[in-house]
Structures are given as C-alpha cells and as structure tokens.
Amino acid sequence: MKKYVSILLAAILILMLIPTMGCKGDGSSKEGELTVWVGENLEDMFNVIAKDYTKETGVPVHVFTYTGLTASDKLALDGPFGKGGDVYVQGGGGDLAKAIEQGLFVELSKEETQLETKYIPGAQELMQYQGRLYGVPLGIETTAFMYNKDLLPEFPETWEELVAFAESFNHFDGDIKTKDQRFGLLIDYTNPYYTWAFNEAFGGYIFGKDANGAYDPNDIGIDNDGSIAACGFIKDLLDRKVIPSDLAITLMQSKFQSGRAAVILDGSWDLANFRNAGINVGVAPIPLIPQPDGSEAHAITFCGGYGLAISSFSLNIEESKKFLAFASRDEYVMEYYRVTGRIPATVGCSENEEILKDDCLKGFYAQCDYSYPQPAINELNAVWEPLTASTTAIYINGEDIALTMHKVKEDIAANIRLLHQ
Amino acid sequence: MSDQSVKETSQTVPASHRRAARGEAALSLLLCGAGYFLQRSYLAGVLSVLAEALAILLFRVWGLDAIRGLITLGETEMRDHSLIMMVYGILAIIVFVGFLIFWIGTVASTYRNGLKIRSASYTPIRLKERTGEWLHEHAHVLFLAPGVVAIAAVILLPLVFSICLSFTDYDAAHQPPAHILNWVGLKNYQDLLVLGQYAKTYFGILGWTAVWAVCSSVLPYALGITIAILLNNPRLRGRKVFKFIYILPWAIPGYITLLVLQSMFDTGYGFINQILGLFGVDNIRWLTSVTPARIALIIVSIWTGFSYPMMLSENIIRNISKDVYEAAVLDGASSIQIFFRITLPLLMHSISPIFIMSVAGAFNNFNTIYLITGGGPLNLDYQSAGSTDILITWLFKLTITNNKYNYGAAISTVLFILIATFSIINLRKTRAFSEEDMLA
C-alpha cells in the first residue's frame, strides 16, 4: 500500500512541473517577439518596461534574468548555440571591449540613437568602442570628492582653499593614538585609477585618439611633461603631509565612515555605504587644479556604467533598436537609478527635480561633465600594472619621477608589442 | 575457464585450433562480430554488428564533420565558432577511439572464445546461462563504466582541449566567433621558453617556483614531524590540549586564514609589525619588497601546512614498536642517531607518497600566493608578473587580465608535464608501493 501511495505522490509532483516548464520559453531570440536579459535586481523594473512596450506596440517582450556571469559572458556561451536573446544590459568600458572583440553586439548609429542630444557628455563614450557605438547608456558611476558636511559645511571653491583646510584639520602626524587621529583629505595615491584624474588635468593622457575617434595604442602620453608634473603635484601633497601616506583604501573608507575624515576621493558606488553609516554626505566635483603656468585645469576622472545593447545573434534587430529607444526614456532611467544607485545618463534626468533635490547627485553630475570611460582597448591591460608599480617607486621609495615614468612608458610599449606578436 | 591466459590455453591446443580461431578473429577485423557468428554466439555477434553499424552511421552523420572542423577550425566568421568546433572535434576523436578500442577488444575475445570452444573440456552452455556467466565475470567492468565515461568527459576532454588551445592563437585580439582561430604549431612554446621577453620571465618565475615548492613542502613537514616526536615524548603532560591547538591551523578554512594573515603582514597597521615594534625593530615592508614578501609567504605556508604532517607522523610514530628503541638505547645510540636512523626512515617509508604529492601540490599552490601577495611586488623586468609569482599565478594573470589564453594553455601544459614526470619518477623510486614491510 505504502509503495503505491509513494509512487502516486511522485507522479503527481512530476506532473505539477509540466505546466511550469513550457511557460516562459528558454530565453532565446524568436522572430516577432523580444527577449531581454537583465541582472536579477532589475527584473521588476524591466517587467514594467516590457508590459508598457507591449501595450504601446503590440510586440510581446519576455524578460529573463541571469546570475553569476556578466551579460557578455552569458551571450558568448549562448549566442553561438542559438540560445542568445535580443537585448542585454551590458557594462560599458572594458567589459564592452571584450564583448565587441568577440563580435557579440550590433553596431548602432549615433544619429538614430540621438547620442549627442539625449545623453550627458560623460556618458556618451560609455558604450563606444574604437569610436563606434554599440549600445545606449543607462547609468554611470564616477569618482569625486565626498565630504562630511558636519565637519566641513561648505566645500572649498578652489584647490588652495581645500589644501589649507586639510592642513588645518589634519591631526595624524607623529605619536597620536588612532582614535584621536583626524584626516582632512584622503586620496588613495597608490591606485592610478583615482589619481589619473590629476594627471589628465596637467595634460597627461593614457592613449591618444586618431582621426576616427579610435584609441591609438602607439600614442602613449603617460610620461609627457604634464604627467610628470602631476606626479610631482601629488608627491608634494604627501611630503607636506596634506594626505596620509600609510592608509589602504579600505582603511580610508572606514575612517570616513566613522567620522574621522572630512574629505575622501571615492566613487559614487560608495555613496550608499557612507549614507548608511550615518554620515551627512556631500559631493563636490574636484576643484580646478592650479597649473605651473598660473592657469587652472579640470581634473578628468574615469567613469564606468551600464547600458543596453543588442545581440548580434538576434533575429529581431530592428525591433530591438526601437525597444532601446523606448527603454531609455527618462522615467525608466530614473527607475534604473532608484534600483541601482547609478547616476542616470540622460540629459532629461539630469534636470529632473528629484535629482536636483539630491545635491550629492548634483555634485556627481558636475563631475561627470569632466569624466570619460577608460580607453576600452586590449592594450589598456598592459598599462595598469606598470603604472601601479610606479606609484610604489615614486611615492614610497622616492625615486626620480621623470626616470620612473619613462621606464613605465617603455614597459607599456614593450607589453603592447608583445600583445601584438 | 576465462582465468587462464590465452597463451596457456594455446599451449595445450593443437595448431589447427589456433589457426581456426585466428581465422575467426581476422574475420572480426573486417566485420565486427563476424567471428562470433561462426562460433555460434549469435547474440554477441548481432550486438557487435549493431555497434559497428551505429558507429559508422554516427561517423558519417556527425563524426566526419566534427573532425574536419577540428582540423580547419572553421571558415567563416560569426557562423563557425572555432572553440565549439574544437570541442566537438575532440569529442568525436574520443568517441571513435573508444569504439576502436571496443573493436580490438572484440577481436581479442573472438580469438579467445575460438580457442575455448574447441578445447576438449568445453561443453556448450545455454544462452541464458552464458549471458549470466558473462555478466558475472564482467560485473566490475559494468560498474566502472559510468565512472570512466565521467572521467573522460570531465577530465580528459578539458585536458586535451587545453593542450590543443596551446597550439592556437587564441588571445585577446583573436576571439571567436568574430575571428577564426588558426593552428600556429609550436610558436607559443617558442615565445614562452626560447625567444623574447616572456622567456626571461618564465625562467625567473620557474626558479622561484622550484624554491617555493621545496620550501613550502619540506619545512612544514619538518616542523610537523618535530612536533609529532615531541608530542610522543612520554614525559609530556596534557597531550590532548597540545594536539587540539596544533590541529587548529588545519581546521580553519584556508581562505579566511590567508586573508587574515595578509592583513597581519600589512606594513603600517599590521599586527606583526606592531609586535616587532615593541622590540624596537623598524617597520618591515612585508608585502611590498621582494625578499620580505617571499619570507612572509614561506612563514604562511609553514603555518598552514604543518598540522597535516604532524597528524600523520604522530600516528605512525606512536605505532613504532618500543623494542627497536630499547635495543638502540642498549647499543648506546644517541637521540640524534635514533631519530635519523630509526624514526625517520620508518616514517618516510609510510609518508613518502604523500610527501611527494605535497611537493607536487606545493608547485601548484595558487591560494597562498594569490591571497597573500597577489603575486607580489610587481617586477618591471617581468611580463605581467611579480616577484613572488609562481607559474600558476602568472598563468592566471595572463589568462584573466591579459586574455592571452594560448600562453596560459602553453604554460599549464608545461606545468602538467613537469609535475607528472616528477611525481611518476619519485613514486616509482620509493618502495612504498611495494608490499614489503620495512621491518620484516
């Protein structure tokens, strides 16, 4: 008797699976309907977009979620087997470069997507590779100065004022107990990702661009006079003890979270963390950097972010382009910001009231005007390690700046030659 | 009956029988199972013919294309995905080599069967009993078969795939499906080992890897054995407490240990520098200079690695009979002589396979190096490698950061050959795998 009951139960349970199995399909691109792949946290938002799109155009849209892999990794595995979808939420910059080298996404026209009019300047280059556009940006993130409003009510307007404040606020030199230390300005000088903004202000650049807007890996500006001057600028800050020399970035963040630091150079991704720690956070763009010849220049930070892209294995490319235009409407980009915290990439959103009320975002937007995505070419991989090693050599070991930067540039050039072997 | 080897039966069998059996085997070479028909084993014959028909059908429908794809690696971009063609090609080769092995097995067993049915003591058995007997004899094969298939799929296929990758030009600039891969022969090995910048890096890293492998297996074993001997001292009190404490480094998950140790070695705020500061020693830049980083790594490997040898040795030493020691003391041996002439050889007799495997494992010890120093202070003379990088972490960086998949595959193939050779030679040299008992 027990045997028959258990067999019956098992059969019922298996039969219950059948209706759910055929329900949503397998996520592959099918003619006449759109398949959108997004990360888990975006599922609800894109379900709304899907419903609205179907209401407006009548084309059914199915939303699938992936976990673990990035969108381009998933498409690299699915696409060749015919299981790829139509639209993906894809990261820009280096992520995109790797995907385009594999041929995963379709090139879009800058005019059709209204790139220059609809999106803020900082986000326009996000989904581009070698000057060609492969997606529309949704949200970006960048680095700027985040300050504790309780310790510094109004952010200084000029760089000299900021340094003066830091020097007066600093209390960490010498034999001071950890809990009594105070920091006026925190910059992670060991990580070129943060400090390259200053090199750019002085005229340094990683790779120059050629006529088509593509990066030229042979034009390396890491060791030009501007870049060397910038390293001297930062070394000066270290020597004058304006910034501390022995803190890792994680320690810096914890100092800021515990209220012992007034200003930190960090990315918008940490904004939520600082707010949750109870700090009254304000954000200001990096002030203009005074140049040796008396003028002032903007520090240009790196930005990253995510956007929508169309798979090259898709069977509905034209329809997907319409979906991209639809999903990048201001109200949906605002929703993307609410879910992920990334700065909305459309001009319309930057003028939205809710955004303007939050002056942290205003600060980030101001910085986004002077930011650009890292040169998303393979040769960039050859740059970071020698550049990071140079920070140890210059700032910690005190070696000659010009010599070190020239050596770094030669190493990078040699690495690039090897990459092309 | 089937326990007898073929040679034995053929010596008692007249030449005419052997010729007949060989004829049937030769027929089986042409058509799998033909020999079985002549021997009146109709069921076995039918099954073999079916198997061959299936294999030929599979080959015509899929195998030929797959192997051709492996050789050409595709012709048109975006339509032919070189990596997928490589995988299917290798799979086809494995499947058809498997079938060839089956065919040869059939021929051999046809010959054996032919001798068996012609021998004087043979009585024909009914099919059902024969099948039962066959299943009984081959039960072990049937039980092992799923495991072998799993190994072929999960281990053999990726291994062969990775070795094949090392002969292509798959890197950041040549990624399928937008590019078709090409076979470049030994060019990657040339670049890595002979010519160019990578060769300098390779040999530099190989030197440190060898030092690391030896230090991070010998030193923990030395410490473990020493502690085991101390623990076995009859005058020790609270042995269980000590054993508990010494097991802890092994019990705590390695990942967590390594991350905590990394922060302990930190220059400014690290625990170790603070303790050294109490003794008046200057801040040592543990992880940012070359030699201190290497010393730190060896210290970490000793700390995480000594528990296991200690446990092993403790058990073995405890079981060494006391008579030997008493005899040695009576003969006037000093403690050092006792250790080196009695304890250590007995110990190594049991532990040496494990010790050799731990040297091979230390060669590939990715976690310790990567989590503590990440490859160490970057060496600007090396190509994308640091001063504490070992081959496996360098390979990881080449693959993940620089996307030089072909170089990564080449290095891992060389690593595989090195470690396999070393392990096989040493495992054969030690007498541990022979059945002898050292004291007998």
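The values are calculated or read from the model by the stated rules, or taken from the named source; none is laboratory data. Keep in mind the model is a prediction, meaning the values are calculated, not measured. With ideal geometry, Cβ positions are generated from the backbone for all residues, glycine too; neighbour counts draw on all protein chains shown. We work out accessible area using only protein heavy atoms, side chains counted, and drop any ligands, DNA or RNA first. Shrake-Rupley method; radii C 1.70, N 1.55, O 1.52, S 1.80 Å.
Listed values, structure above:
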| item | result |
| --- | --- |
| Positions within region B:270-288 being surrounded by fewer than 16 Cβ atoms within 10 Å (Cβ to Cβ), modelled with pLDDT of 85 or more and β-branched (Val, Ile, Thr), in sequence order | B:ILE275 |
| Output for region A:408-417, where each listed residue is touching a residue at least 12 places away in the same chain (Cβ under 8 Å), out of contact with any Pro (no Cβ under 6 Å at 6 or more places or on another chain) and at the interface with another protein chain (Cβ under 7 Å from one of its Cβ atoms) | A:ASN415 |
| Condition check for A:ALA345: aliphatic (A, V, I, L, M), modelled with pLDDT of 85 or more and under 14 Å from the mean Cα position of the chain (by Cα) | yes |
| Hey, B:VAL87 part of a helix (DSSP H, G or I), in contact with a helix residue (DSSP H, G or I) (Cβ under 7 Å, 6 or more places away or on another chain) and within 14 Å of chain A (Cβ to nearest Cβ) or not | yes |
| Residue in region B:212-231 that is farther than 30 Å from B:ILE342 by Cβ, at pLDDT 90 or above, open to solvent by less than 70 Å² (accessible area, probe 1.4 Å) and more than 14 Å from chain A (Cβ to nearest Cβ) present | yes |
| Residue satisfying all of: in region A:233-250; open to solvent by 30 Å² or more (accessible area, probe 1.4 Å) and over 22 Å from the mean Cα position of the chain (by Cα); farthest from B:THR267 (Cα to Cα) among these | A:PHE233 |
| Residue in region B:147-165 that is among the aromatic types (Phe, Trp, Tyr) and touching a residue at least 24 places away in the same chain (Cβ under 8 Å) present | yes |
| Test: residue in region B:98-109 that is open to solvent by less than 80 Å² (accessible area, probe 1.4 Å), within 14 Å of chain A (Cβ to nearest Cβ), of a type outside the set (Val, Ile, Thr) and out of contact with any helix residue (DSSP H, G or I) (no Cβ under 7 Å at 6 or more places or on another chain) | no |
| Listing of helices (runs of 4 or more DSSP H) fully contained in region B:116-200 that carry 1 or more residues being charged (D, E, K, R) and under 22 Å from A:ALA382 (Cβ atoms) | B:187-193 |
| Residues (in contact with a Ser or Thr (Cβ under 7 Å, 6 or more places away or on another chain) and within 14 Å of chain A (Cβ to nearest Cβ)) located in region B:232-271 | B:THR267, B:GLY270 |
| Search result, residues across region A:385-402 that are more than 19 Å from A:ASP188 (Cβ to Cβ) and either within 12 Å of another protein chain (Cβ to nearest Cβ) or in contact with a Phe, Trp or Tyr (Cβ under 6 Å, 6 or more places away or on another chain) (or both) | A:GLU399 |
| Any hit, region B:425-435, residues being in a loop (DSSP other than H, G, I, E, B), over 17 Å from the mean Cα position of the chain (by Cα) and β-branched (Val, Ile, Thr) | yes |
| Selected residue [under 30 Å from A:GLU385 (Cα atoms) and free of Cβ contacts under 8 Å to residues at least 60 places away in the same chain] from B:LEU378, B:LEU371, B:LEU330 | B:LEU378 |
| Lone qualifier among B:THR421, B:THR430 - being hydroxyl-bearing (Ser, Thr, Tyr), over 30 Å from B:ILE256 (Cβ atoms) and open to solvent by 60 Å² or more (accessible area, probe 1.4 Å) | B:THR421 |
| Flag for B:ARG79 being farther than 28 Å from A:PHE105 by Cα and open to solvent by 40 Å² or more (accessible area, probe 1.4 Å) | no |
| Condition check for A:PHE274: within 24 Å of A:LEU77 (Cβ to Cβ) and either touching a helix residue (DSSP H, G or I) at 6+ places or on another chain (Cβ under 6 Å) or surrounded by 15 or more Cβ atoms within 10 Å (Cβ to Cβ) (or both) | no |
| Any chance A:ALA382 is buried (at least 17 other Cβ atoms within 10 Å of the Cβ), modelled with pLDDT under 85 and either more than 14 Å from chain B (Cβ to nearest Cβ) or closer than 30 Å to A:GLY208 by Cα (or both) | yes |
| Check on A:ASN280, free of Cβ contacts under 8 Å to residues at least 40 places away in the same chain and out of contact with any Leu (no Cβ under 8 Å at 6 or more places or on another chain) | no |
| Unique residue being closer than 22 Å to A:ASP236 by Cβ and open to solvent by less than 10 Å² (accessible area, probe 1.4 Å) when the list is A:ILE289, A:ILE300 | A:ILE289 |
| Any chance B:THR131 is surrounded by 12 or more Cβ atoms within 10 Å (Cβ to Cβ), hydroxyl-bearing (Ser, Thr, Tyr) and modelled with pLDDT of 85 or more | no |
| Count of residues meeting criterion [small (Gly, Ala, Ser), closer than 23 Å to B:ASP266 by Cβ, surrounded by 21 or more Cβ atoms within 10 Å (Cβ to Cβ) and more than 10 Å from every other protein chain (Cβ to nearest Cβ)] in region B:364-415 | 1 |
| Verdict on A:LEU251 being out of contact with any helix residue (DSSP H, G or I) (no Cβ under 6 Å at 6 or more places or on another chain) and without any contact (Cβ under 8 Å) to a residue 24 or more places away in the chain | yes |
| Unmet criterion (only one of (1) within 14 Å of another protein chain (Cβ to nearest Cβ); (2) modelled with pLDDT of 85 or more; (3) surrounded by fewer than 20 Cβ atoms within 10 Å (Cβ to Cβ)) for B:LEU157 | (1) |
| Subset of region B:172-200 that is under 14 Å from B:LEU395 (Cα atoms) and at pLDDT 85 or above - its residue that is nearest to the other protein chains (Cβ to nearest Cβ) | B:ASN188 |
| Any hit, region A:95-104, residues being out of contact with any helix residue (DSSP H, G or I) (no Cβ under 8 Å at 6 or more places or on another chain) and more than 14 Å from chain B (Cβ to nearest Cβ) | no |
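Yes/no per residue for (1) of a type in the set (D, E, K, R); (2) exposed (fewer than 14 other Cβ atoms within 10 Å of the Cβ); (3) within 31 Å of the chain's Cα centre (by Cα); (4) at pLDDT below 85:
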position: B:ILE299; (1), (2), (3), (4): no, no, yes, no
position: B:ILE302; (1), (2), (3), (4): no, no, yes, no
position: B:GLY305; (1), (2), (3), (4): no, no, yes, no
position: B:TYR308; (1), (2), (3), (4): no, no, yes, no
position: B:ASN315; (1), (2), (3), (4): no, yes, yes, no
position: B:SER321; (1), (2), (3), (4): no, yes, no, yes
position: B:ALA327; (1), (2), (3), (4): no, yes, no, no
position: B:ASP331; (1), (2), (3), (4): yes, yes, no, no
